[in-house]
Amino acid sequence: MADLPLPSEAMADARHNMEICNACRYCEGFCAVFPAMQLKREFSDGDLNYLANLCHGCQGCFYACQYAPPHPWGINVPQAFAALRVESYAEHAWPRPMAKLFERNGTAVSLLTALAVALVLLLAGSLQSPDVMLRAHSGPGAFFAVISYQAMVWSASAVFLFALLAMAMSTTAFWRASGGGTITAKALAHALHDSMTLRNLGGGGDGCNYPGEGFSHQRRWLHHAMAYGFLLCFAATSVATLYHHGLGLVAPYDLLSLPVLLGTVGGILMLIGTAGLLWLKVLADPAPAARAVLGGEYAMLILLAGVAKTGLLLLAFRATPAMGWLLALHLGFVLALFLALPYSKFIHGLFRTAALVRSHQER
Amino acid sequence: MADLTRIYDVLVIGGGNAALCAAVTAREAGASVLLLESAPKPFRGGNSRHTRNFRGMHQAPTKVLTGSYLEDEYWDDLRRVTGGITDEPLARMTIRVSAEMTPWMEACGVRFQPALSGTLSLSRTNAFFLGGGKALLNAYYATAERLGVDILYDAEVTNLHVDDGFVRSAEFNHRGFPASVTARCVVAAAGGFQANLDWMRQYWGDAVDNFVIRGTPYAKGRVLKTLLDQGVAPIGDPTQFHAVALDARSPQFDGGISTRLDSVPFSVVLNRDGVRFYDEGEDVWPKRYAIWGRLIAQQPGQIAYSICDAKAYSLFMPSVYPAIKADSLAELAHKLGLDVGTVERTVAEYNAAVQPGRFDSTGLDECRTEGLTPPKTHWARRIEEAPFYGYPLRPGITFTYLGVKVNENARMLMADGRPSANLFASGEIMAGNILGRGYLAGFGMTIGTVFGRIAGREAARAARN
């Protein structure tokens, strides 16, 4: 952290790794990290934070490394960088006290999820009569009969805008501290392309070495399913907002309407992606993993899976008396996700894209 | 699962590139194969673990090589580095066969960097393994396992029972316990003896205690020794080894590629007594790095110190250990443990001899000394700009040249000239047939791959008869 006088253990470990890697350079063909590393002779903390976030954890370098444990040098770049990445999220968290949430991120995200779900359920249960909660509703405005439109929109907007602000502040702070300058359009375009294709996770090649030594594209495809599923769900919500305000159409929408189609496909993709990634994580070789960060990764995957699953359940049972509580449950998970965005694994997408921008600018 | 009660068609001794190429090839030909690797699994692969590329002949650009590299140019390169200590028919055969190797390597899962992206200017002659030698080995081991090669790690062969050129069985230590196995044919691919300091001591005395072994600590030469003791013809000068200059702070074994130091042409190199002993700027570094190991091995205490100043520091690859840094030459000499007065005098004499001229770090330039012994004939610039940097250097041994004599079928030849009935060799243990002196980047992997393939094929064939 910025206020500590000595470099952290993770920082020292990352530096040890990069100094040896930079004298070896056998891994230059794997990903963006090594060409970026080769431009340096000495590594500042900002450089290491940048390189750590550029690392996608494909693990190719780990299995190829002649200095990997049990070699006395113990080179393990994916592990060192995973540990340092979480420190970099904490170091640039906004507002500052929220950095604490990264210390035991799995516990933090799990508690946050439990509290958010409990809060929404409690509010729904105490503010709404049991009769309304347990009755089947139909026709336009069915959802809002359970939880008022005003309550839904204002709380969601407030939390989401705060999350956006916090993520923007964090990413900007990371960008500055890691030595990034003015962003060029070309670098940004390349970086976005790399992000969206996960090129550095073995895209275009034989895939990455995950969950073990063999090459596989599974992780990349599952991540795509999850990330694009999430974006489709987000698009569903955006389209619904347009329907509501622009066209005066009030939810619930028809099964074949655009918002429901987007949300259904997105939700299913998210479920496939998160379930697959969780399964791979269970199978994964522990050697290149950083144990301390696994909790936060599991928590985020489970939270995303929870959002998707409750959303699909809500869709399936929206015409039944279960709708009331399912809606409350789903909104509880969504609230938890929005609250957790800036203080969880989710932030990696922004930091990584920022790191990719810098790597393209330096080329 | 390895079954030591059965008779294997082919026993492969060793676990590096040459061994795996032989094992996979023999298995592809239908032979039952047992491979004994003396290292435990995490350190499998011998010196191949530390390699990076393969030198391949090619008529036209390939996916992994640019331009063309024809037999005659390849042969000329080899003749030059070996000073003619080679076997032309064997060498030319190796060169020609190298042209066919990369597709087979790729079929075994070996991945190459795309041509042109290598850090070194070798993409015309050398194909670079994506991730280096360990990644290549992982691919070969996965292929061998998939094909059904039985593999034992931590299995050091201690003795072969050879009877008039016919090997009957092998004794080995498996995880510390004695074991033995019988096979119809044996491929010895167990490397040289550079990690056997007692053997090295026979030729170099106690200087060996100051040598660093760049590669595997498992190259003890026990297989080589048992073969030579039982009448296989030797090849190569037993006293000779390939050595480079590397950081004296390196671990005694297995430091690999990253311990090398490229500072020499841009610095002055002093011995323990604080005086220079060789022209640091004789030629571009890729053509000279391999002589500095020997030069340092011949200095008192087998140690030397490379010293440069601020303007030279960024001209060479970063070192694995940080440079020793000081604000004055005296302070640097003190930190390096050298006599301050002598170092100051040596550098002053050198500085005074430096002539003005055009400096070019990328090629032979005009910066040289005048009236200095030994001279520095290129890249000679005054050492005057603080901070000053120093590195201690030791000889780093890559491999030894002594081996077993083989014919073009990788069959070992006995001292009386007859070919052995069922003994084959590939890799470093027979490289001295072709590479009697010097080195050509990536050629060790070429010999290992070509002879590994030949040995595997011939051993499988011999086992069937």
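The values are calculated or read from the model by the stated rules, or taken from the named source; none is laboratory data. Quick caveat, the model's predicted, so the values are computed rather than measured. Virtual Cβ from ideal backbone geometry, glycine too; neighbours counted across all protein chains shown. Areas reflect the complete protein model, heavy atoms only, side chains present, ligands, DNA and RNA absent. Shrake-Rupley method; radii C 1.70, N 1.55, O 1.52, S 1.80 Å.
Quick check on A:Pro69: is it within 12 Å of chain B (Cβ to nearest Cβ) and at pLDDT 95 or above?
yes
Just checking, which of B:Ala142, B:Ala135 is in contact with a strand residue (DSSP E or B) (Cβ under 9 Å, 6 or more places away or on another chain), within 14 Å of another protein chain (Cβ to nearest Cβ) and either in a helix (DSSP H, G or I) or under 25 Å from B:Ala29 (Cβ atoms) (or both)?
Residue meeting the stated conditions: B:Ala135.
Of the residues that sit in the range A:294-306 and are hydrophobic (A, V, I, L, M, F, W, C) and open to solvent by 20 Å² or more (accessible area, probe 1.4 Å), which one is farthest from A:Phe333 (Cα to Cα)?
So, considering only residues that are hydrophobic (A, V, I, L, M, F, W, C) and open to solvent by 20 Å² or more (accessible area, probe 1.4 Å), the one farthest from A:Phe333 (Cα to Cα) is A:Leu294.
Taking the residues in the range B:212-223 that are open to solvent by less than 10 Å² (accessible area, probe 1.4 Å) and in contact with a Phe, Trp or Tyr (Cβ under 6 Å, 6 or more places away or on another chain) as candidates, determine which candidate is nearest to B:Ile429 (Cα to Cα).
Result: B:Gly221.
Please work out if B:Asp87 is surrounded by fewer than 16 Cβ atoms within 10 Å (Cβ to Cβ), over 18 Å from the mean Cα position of the chain (by Cα) and away from chain A (no Cβ under 14 Å).
No: the conditions fail for B:Asp87.
Since B:Arg184 meets every condition but one in (1) open to solvent by 10 Å² or more (accessible area, probe 1.4 Å); (2) not in a strand (DSSP E or B), which condition does it not meet?
Exception for B:Arg184: condition (2).
Conditions first: (1) open to solvent by less than 10 Å² (accessible area, probe 1.4 Å); (2) modelled with pLDDT of 95 or more; (3) assigned by TED's automatic domain parsing to the domain that holds B:Ile291. B:Tyr278 passes all but one, so which condition is the exception?
Answer for B:Tyr278: the failing condition is (1).
Restricting to the range B:312-327, give me the number of residues that are more than 14 Å from chain A (Cβ to nearest Cβ) and touching a helix residue (DSSP H, G or I) at 6+ places or on another chain (Cβ under 9 Å).
Here the count works out to 2.
Does A:Phe81 meet the test of being touching a residue at least 24 places away in the same chain (Cβ under 8 Å), of a type outside the set (Asp, Glu) and away from chain B (no Cβ under 12 Å)?
Against the criterion (touching a residue at least 24 places away in the same chain (Cβ under 8 Å), of a type outside the set (Asp, Glu) and away from chain B (no Cβ under 12 Å)), A:Phe81 qualifies.
Residues that are farther than 15 Å from B:Phe388 by Cα: find the helices (runs of 4 or more DSSP H) completely inside the range B:242-358 holding 3 or more of those.
B:285-297, B:340-353
Report the residue count in the range B:58-84 for those that are assigned to a loop (DSSP other than H, G, I, E, B) and either within 14 Å of chain A (Cβ to nearest Cβ) or open to solvent by 20 Å² or more (accessible area, probe 1.4 Å) (or both).
The initial filter retains those residues of the range B:58-84 that are assigned to a loop (DSSP other than H, G, I, E, B), namely B:59-68, B:70, B:83-84.
Next, only the ones that are either within 14 Å of chain A (Cβ to nearest Cβ) or open to solvent by 20 Å² or more (accessible area, probe 1.4 Å) (or both) stay: B:59-64, B:66-68, B:70, B:83-84.
Result for the range B:58-84: 12.
Table: residues versus (1) in the same structural domain as B:Pro300 (by TED's automatic domain parsing); (2) within 30 Å of B:Ile213 (Cβ to Cβ); (3) over 34 Å from the mean Cα position of the chain (by Cα).
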position	(1), (2), (3)
B:Val320	yes, yes, no
B:Ala323	yes, yes, no
B:Leu332	yes, yes, no
B:Leu336	yes, yes, no
B:Thr342	yes, no, yes
B:Asp365	yes, no, no
B:Gly371	yes, no, yes
B:Arg382	yes, no, yes
B:Pro392	yes, yes, no
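Exactly one of these conditions fails for B:Gln202: (1) over 20 Å from the mean Cα position of the chain (by Cα); (2) more than 30 Å from B:Thr362 (Cβ to Cβ); (3) in a loop (DSSP other than H, G, I, E, B). Give me its number.
Evaluating B:Gln202 over (1) over 20 Å from the mean Cα position of the chain (by Cα); (2) more than 30 Å from B:Thr362 (Cβ to Cβ); (3) in a loop (DSSP other than H, G, I, E, B) leaves (3) as the failure.
Out of the residues in the range A:181-194 that are under 22 Å from the mean Cα position of the chain (by Cα) and in contact (Cβ under 8 Å) with a residue 40 or more places away in the chain, state the one that is farthest from A:Glu91 (Cα to Cα). First the steps, then the outcome.
To start, the set of residues in the range A:181-194 that are under 22 Å from the mean Cα position of the chain (by Cα) comprises A:188-194.
If we keep only those that are in contact (Cβ under 8 Å) with a residue 40 or more places away in the chain as well, we get A:188, A:190-192, A:194.
Numbers: A:Leu188: 24, A:His190: 27, A:Ala191: 23, A:Leu192: 24, A:Asp194: 25 Å.
My answer is A:His190.
Write out, first by first residue and then by second, each pair whose Cβ atoms fall under 6 Å of each other, whose residues are 6+ apart or on separate chains, and whose first residue, in the range B:178-189, is farther than 19 Å from B:Phe451 by Cα while the second is in a strand (DSSP E or B) and open to solvent by less than 10 Å² (accessible area, probe 1.4 Å).
B:Ala179/B:Phe172; B:Val181/B:Ala170; B:Ala183/B:Tyr8; B:Ala183/B:Leu11
So which residues in the range A:220-245 are over 15 Å from the mean Cα position of the chain (by Cα) and under 16 Å from A:Phe346 (Cα atoms)?
none
B:Gln230 fails exactly one of the following numbered conditions: (1) in the same structural domain as B:Pro419 (by TED's automatic domain parsing); (2) within 28 Å of B:Gly442 (Cβ to Cβ). What is the number of that condition?
It is condition (2) that B:Gln230 fails.
Can you run down the residue pairs with Cβ atoms below 8 Å, 6 or more apart or on separate chains, where the first is in the range B:90-115 and more than 14 Å from chain A (Cβ to nearest Cβ) and the partner is open to solvent by 30 Å² or more (accessible area, probe 1.4 Å) and among the β-branched types (Val, Ile, Thr)?
B:Thr102/B:Thr62
Considering B:Pro395, B:Pro419, which residue is open to solvent by 10 Å² or more (accessible area, probe 1.4 Å), at pLDDT 95 or above and not charged (D, E, K, R)?
Numbers: B:Pro395 fails: open to solvent by 10 Å² or more (accessible area, probe 1.4 Å).
Going through B:Pro395, B:Pro419 in turn, the sole match is B:Pro419.
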